[in-house]
Amino acid sequence: MNKIGIDLGGTKIEGILTDESYKTISRKRIPTNQDKGYSSILESIKSLVLELSQESDDKVSVGICTPGALSLDSGLIKNSNTQCLIGKDLQSDLRNILHYDLSIENDANCFALAEAKLGAGKNSNLVFGVIMGTGVGGGIIINGKIHRGRTNIAGEWGHHCLHNEGNSCYCGNKGCVETYLSGPALEKNWSQLSGLNQSLSEIIQNSDKKNFQKWRQIFLDNFGLALANVIDILDPDIIVLGGGVSNIDFLYNEGKNTVYEKVFSDIVDTPIVKNELGDSAGVIGACML
Ligand SMILES: [Zn+2]
């Protein structure tokens with residue numbers, strides 16, 4: 001059976017058709033148009049799935065990767081930073097318009113699954129995958145399977161608390177990892193320190209600028225604490241980083257050392273590595289559902 005994976009992102013919806021071994025046969029992208037609302041997102045997903053299925057010479061399975069999680073109670077989407085999805089029954093609504101038996105999974109879980117099976121974590125039993133992009137999330141893969149936990153929130157790394165009187169988060173709590181380690185959060189912190197509105201890739205060129213070292217140290221301290229917490233509780237075989245923020249090189253040397261300093265152990269050597277599948281990890285993970 002061939003596989004269709006759809007990655008429902010904040011700005012674009014990407015779809016791929018693969019064969020059984022996840023080799024890409026076709027790939028398509030369209031803008032998300034969040035401002036046009038939920039029904040427009042449903043229609044976009046439908047048209048992508050139909051286009052891709054027409055290119056398949058075999059039956060297809062369909063997997064969808066989305067920000068947020070499915071509530072175990074209601075089946076509705078919760079905790080999504082694509083906020084027009086919150087409270088919607090995406091799975092039933094898509095089944096009704098597509099007539100496919102499809103699976104839906106959190107985007108960080110899809111990322112972690114793809115990296116654990118085909119990417120940087122492929123030789124590791126327990127993989128913790130994190131996305132640091134517009135939003136921040138995490139996924140736990142044990143022996144090739146997503147560990148969802150009792151109520152479907154296992155690995156929700158982006159909303160564990162780093163500073164209990166810290167930054168306000170859209171989720172209603174304060175001090176969440178996402179409010180320190182997402183791309184927009186890092187840019188905001190730089191703007192507060194320097195008065196400059198720059199993109200993350202511009203900021204990291206600023207090594208000689210006043211305040212850059214301060215910004216960098218705050219970043220490293222938060223990164224270190226956020227991942228040391230994971231190692232203390234989960235002790236994974238490998239941590240794989242994804243999302244735009246994962247392109248910052250100093251996370252893999254000084255960042256890693258800052259994590260190690262904060263772990264409660266005399267021995268710590270957890271590999272902290274960059275993803276291997278790049279932007280495609282989520283959509284490949286969706287094919288694997
Ligand atoms: Zn939060």
From the list Ile231, Ile238, Ile267, Ile218, exactly one residue is among the β-branched types (Val, Ile, Thr) and without any contact (Cβ under 8 Å) to a residue 24 or more places away in the chain. Which is it?
Ile267
So which of Ala114, Ala69 ends up being touching a helix residue (DSSP H, G or I) at 6+ places or on another chain (Cβ under 9 Å) and within 26 Å of Tyr170 (Cα to Cα)?
Ala69
Could you grab me the full set of residues in region 249-276 that are among the aromatic types (Phe, Trp, Tyr) and in contact with a helix residue (DSSP H, G or I) (Cβ under 7 Å, 6 or more places away or on another chain)?
Phe264
Buried (at least 19 other Cβ atoms within 10 Å of the Cβ) and within 18 Å of the chain's Cα centre (by Cα) - does that describe any residue in region 187-201?
no
Can you report the number of residues in region 215-248 which are open to solvent by 10 Å² or more (accessible area, probe 1.4 Å), in contact with a helix residue (DSSP H, G or I) (Cβ under 9 Å, 6 or more places away or on another chain) and either in a loop (DSSP other than H, G, I, E, B) or within 20 Å of Gly119 (Cα to Cα) (or both)?
4
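Can you tell me which residue within region 202-214, out of those that are open to solvent by 40 Å² or more (accessible area, probe 1.4 Å) and of a type in the set (S, T, N, Q), is nearest to the chain's Cα centre (by Cα)? Before you say what the answer is, go through the steps one by one.
Step one: of region 202-214, the residues open to solvent by 40 Å² or more (accessible area, probe 1.4 Å) are 202, 204-205, 207-211, 213-214.
Pick out the ones that are also of a type in the set (S, T, N, Q) and you get 205, 207, 211, 213.
Details: Gln205: 25, Ser207: 28, Asn211: 29, Gln213: 27 Å.
Out of the qualifying residues, it is Gln205.
Please verify whether Tyr180 is within 16 Å of the ligand (Cβ to nearest atom), assigned to a loop (DSSP other than H, G, I, E, B), in contact (Cβ under 8 Å) with a residue 40 or more places away in the chain and hydroxyl-bearing (Ser, Thr, Tyr), treating the condition exactly as stated. Write out each step before concluding.
Working: within 16 Å of the ligand (Cβ to nearest atom): yes; assigned to a loop (DSSP other than H, G, I, E, B): no; in contact (Cβ under 8 Å) with a residue 40 or more places away in the chain: yes; hydroxyl-bearing (Ser, Thr, Tyr): yes.
No.
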Residue under evaluation Cys171, criteria (1) touching a strand residue (DSSP E or B) at 6+ places or on another chain (Cβ under 9 Å); (2) within 11 Å of the ligand (Cβ to nearest atom), criterion not met
(1)
Take the conditions more than 16 Å from the ligand (Cβ to nearest atom) and not in a helix (DSSP H, G or I) and apply them to Asn152. Does it pass?
yes
What number of residues within region 57-72 satisfy the criterion of being modelled with pLDDT of 90 or more and polar (S, T, N, Q)?
1
Among the residues of region 249-270, write down those that are of a type outside the set (Val, Ile, Thr) and either part of a helix (DSSP H, G or I) or open to solvent by less than 50 Å² (accessible area, probe 1.4 Å) (or both).
Asp249, Phe250, Leu251, Tyr252, Glu254, Gly255, Lys256, Asn257, Tyr260, Glu261, Lys262
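State the number of residues belonging to region 155-167 that are outside any loop (DSSP other than H, G, I, E, B) and more than 9 Å from the ligand (Cβ to nearest atom). Talk me through it step by step, then tell me what you get.
In the first step, residues of region 155-167 are kept if they are outside any loop (DSSP other than H, G, I, E, B); the result is 157-159, 161.
Filter again for more than 9 Å from the ligand (Cβ to nearest atom), leaving 157.
Looking only at that region, the number is 1.
The values are calculated or read from the model by the stated rules, or taken from the named source; none is laboratory data. Remember, it's a predicted structure, so these values are computed and weren't measured experimentally. FYI the Cβ positions are ideal-geometry reconstructions off the backbone, even for glycines, and counts take in every protein chain you see. The area values use the complete protein model at the heavy-atom level, side chains included, leaving out ligands, DNA and RNA. Shrake-Rupley method; radii C 1.70, N 1.55, O 1.52, S 1.80 Å.
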